Amino acid sequence: MNPIVSGLFQSIQHAGKANSATGLKEGQILSGKILKLYPNNTASVRVGSQTVQAQLEASLTLGKSYLFQVQGGKQRLNLKVLTEQSVQASGRGIEHLIAQLGLKLTKEHKLLLENLLSRSIPFKKSELSQAVQLLKQSTDTSKAVKVLMQIFERQLPVRPSTYYALLAREASSLTMQLSELSNTLNQKGSLSSTEQKLLHSLSLLSGGKEVGSLKAAASATIINDLSKGSKASFDVLVKAGTVKAEAFPVFREEWLNRAQKANIPLTGNLTAIEAERSLAQQKLPEVQGESLKQLLDRQIPLNSKEWKALDQWIAGLRKAIEGSANSSPATVNRFHFSDQYLFKNRTFDKIVRGLENYTSSQMNELRDTALNLLKDQKNLNASMNAKLGGFIQELQNFLSKQLTHSEKQVLYRWVSSMSTDGGTSIGKNQSMLANMHMLLQHSGIHDEAGIQAMMNQNTNVQQEVSLKGWLLNYLNDTPEIVKGDRFQQMIHLLNGIQLTAHSEQNQMTQLSFVFPGNMLGSDSDIHMNVEGRKNEKGEIDPDTCHILFYLDLDRLEETVIDMNIHERHVSLSIYNMSPDKVVLTSSMKESLSDGLEKLGYQLKSIQVHPMDSTPSTNQIGASISDSQRFKGVDLRI
């Protein structure tokens, strides 16, 4: 990444962050600066990256920096003063600190302490010693220090596995790694079963030819689902309109017979290529690609609260049809509450675009009519009864086509194969969406979380083996592979992506992803960061958040897209080394605006800037709430 581009990307990423509450841990050492002194021996202290209120039990000087160690307390954490004199992050100050901590005076200790203190990053003495050992083994000191600072900053365990994972995340390209490993396997004369499945997993993420045709991908997924007792594939076909819901027993028997006839083991890990080869002599039903594309286009993002509100709202509509005898005050209140919730969250805007026979104005008219009928306890005339009944029927038909999480995974898998299947055309937006989901679903970055979830729920549902899983199987089968091999590097890279994918600070959450550039025809990775306030479920609030993309495109080259969302109003800033190349036509803006409206958002503005123009914190952080003002006392010094 160009240094100018890298600097801009990082400045935008950090500018929107709010300070967190005290996330300090007992035993940590950190520098702090006395910002303000207040009556009753209280002070405002800058500790680490936070500004906190502290109760002073030591004599400290305004404006000076000190070194503190975090100690546990009954009601709040305590900061013990380690140095009575102002701390300097260089020279004799560092040497004095090393001696005070009982450490050897080495260049590694000095270098790490200088970086930790200058960046106000908390650390423990034991962690510092472990970091020194890793730094000594490094062949690139500057890169090693950068990675170690990330480990301390994220408060990750300081150990070799973490270090090598973040080092790979920093230095490796996911796009290039996928390509190189695929080429390595393709160049071998013959492949073992594990190598074949590994090659298939690599192709799933990179869009290689080993993904197989749509028919082969569907066959493999259906057999895998049935072997695990799942009917997700069948339900997708039902919602796509290609099979009848009542046909499942026959459907299941036919496909299990096909698998048995082809001697396919029901392990749940059949690949598309294996299915294509094993079932070549059997006549398989066609999978309608157009029906799947239409099903994907009809999907809208609805959270659990929206679904609950929709159920209450539809129940209210039915009460309005039934007549006055059923419209109690509680019914009216539930309908009104759910109606206002859905309106405020623009759920109606998302739904109406999926309805063929109703516009927004017609839907609003029906909403008002239903509410007035419930309030006034009047019976419907025949005409209005037919209107409301027809609306409910079309609405429920549309909602019945919405997919569950497991069903979406199946659909994205099939749509991904359509992008490499010469017989089926697919739009770029559908292909990119499917490929992004394929990375999240099949890379293995969620393997440990999935296993933990099964343990918590005391279930034993077999997980599909991911790319990381097949890499580990391959390394177990190939003991002669040396340290630093490409296959090991890919595991480190996936672990690095996993470790940096999620971070939290107080009420803020940040997600960071890397996607293969091939989905945009690029040889460089696509970087995507999302940050915003947490809602009551602990998830990023989609109404107010900040999304950042880094792209290296064929014609535009390196481009940063900064998307600020404030109360569902979207402001886009595009940064490019040659902004004149970025030509935004009216049709492009209209298409973008329509696409956002379909999701319940409104386009507010689009601006193009040269890459070397650094945006101000106020501009970037407009969608994020200001740093919280701490009340009371957080720490005692």
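The values are calculated or read from the model by the stated rules, or taken from the named source; none is laboratory data. Since the structure is predicted, the reported quantities are computational estimates derived from the model, not experimental observations. In this analysis, Cβ positions are derived from the backbone assuming ideal geometry, glycine residues included, and neighbour counts consider all displayed protein chains. SASA here: full protein model, heavy atoms, side chains in, ligands and nucleic acids out. Shrake-Rupley method; radii C 1.70, N 1.55, O 1.52, S 1.80 Å.
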Subject >> Cβ-based charge dipole, region 468-566, positive-most Cα from 501, 547, 521 >> reply: 501
Original post:
To the nearest Å, what is the center-to-center distance of region 119-152 and region 162-228, using C-alpha atoms only?
Top reply: 33 Å
Original post:
Can you give the accessible area per residue of region 242-319, in Å², using a 1.4 Å probe?
Top reply: 59 Å²
Original post:
If you roll a 1.4 Å probe over the heavy atoms of the protein chains, what accessible area per residue do you get for region 330-386, in Å²?
Top reply: 58 Å²
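For region 124-207, with all protein chains present and a 1.4 Å probe, just round the carbon and sulfur fraction of the accessible area to a whole percent. Intermediate values should be presented prior to the final figure.
Numbers: 1660 of 3670 Å².
Solvent-exposed carbon and sulfur of region 124-207 make up 45 percent of the total.
Pick out, in residue order, every one of the GluC sites (Glu not before Pro) in region 488-538 that is DSSP loop and has at most 12 other C-beta atoms within 10 Å; say none if there are none.
On the way: sites: 504, 531, 536; in loops: 536.
The qualifying sites are 536.
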Subject >> Residue-level accessible surface for residue 80, protein heavy atoms, 1.4 Å, Å² >> reply: 100 Å²
**OP:** Taking amide H positions as placed in the peptide plane 1.01 Å from N, state which residues far from residue 603 in sequence (5 or more) or on other chains have amide H under 5 Å from it.
**Re:** 570
Subject >> Carbon + sulfur, % of accessible area of region 532-592 - ligands and nucleic acids excluded, 1.4 Å >> reply: 50 percent
Subject >> For region 139-206: accessible area per residue (Å², 1.4 Å) >> reply: 42 Å²
Original post:
How large is ³J(HN,Hα), in whole Hz, for each residue of region 355-365 in order, when computed from phi with the Karplus curve 6.51 cos²θ - 1.76 cosθ + 1.60 and θ = phi - 60°, using x for Gly and Pro?
Top reply: 9, 7, 10, 9, 9, 4, 5, 5, 5, 5, 5
**OP:** Quantify, in whole percent, the carbon and sulfur part of the accessible surface of region 237-301 (1.4 Å probe; protein heavy atoms only).
**Re:** 50 percent
